[in-house]
Amino acid sequence: MRRAGLLAATAAALALAGCGLRPLYSGGSAGPVAQTLQSVEVAPIEGRAGWLVRTALQDRLGVQQGGASRYRLVVRLDDSIVGFGIRPDDSETRERRTLRARYQLVETGKGTVVLDATAGSDAGIDVVSSDYANVAAEQTALERLSKVVADQIVTRLALYARRGGTATAAPAAAER
């Protein structure tokens with residue numbers, strides 16, 4: 001029994017080694033993907049959601065202050081809250097907060113858009129009798145969603161950099 005498990009693990013390891021998977025961030029902070037991500041300047045984004053997304057993007061990209069930027073990331077957000085789940089007294093029991101981003105990666109030297117894609121996520125919020133609790137839940141949802149959207153954008157930028165700066169068809173935005 002133990003020998004069969006060892007053989008299965010060895011076979012799985014050999015299969016993975018031959019599948020062509022390569023680490024996205026090979027080379028660490030000196031690798032080509034990390035260097036490309038660090039050369040992205042994030043343009044200001046309107047509103048509270050914009051501030052949260054921009055801050056999350058800057059944290060994840062590792063942008064160095066004062067460094068020359070090769071790319072400029074322009075992001076436009078759509079933030080909405082929709083109520084559903086109606087009680088007999090016509091009050092809402094649930095809300096859905098949705099944060100969508102359309103972003104473009106612009107090569108600063110040429111002014112050309114090299115990547116144009118979308119990202120987004122949503123969160124369900126329970127509506128309770130306390131207005132304070134509802135506002136706090138909406139703000140917490142926005143904070144979480146901004147991080148999810150920033151992660152999606154950075155992942156897409158990293159894939160763009162890994163392919164040597166060639167755009168491919170954008171995958172559908174992940175929903176949560």
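Taking 0.36 nm per residue of separation and subtracting the Cα-Cα distance, full extension of the segment from Val74 to Ala136 would add 19.5 nm.
Taking 7 Å steps out from each Cα toward its Cβ at Arg87 and Leu6 produces label points 6.4 nm apart.
Laboratory data are not the source of any read-out in this text; all were calculated from the coordinates shown. All values reported here derive from a predicted model rather than from experimental measurement. With ideal geometry, Cβ positions are generated from the backbone for all residues, glycine too; neighbour counts draw on all protein chains shown.
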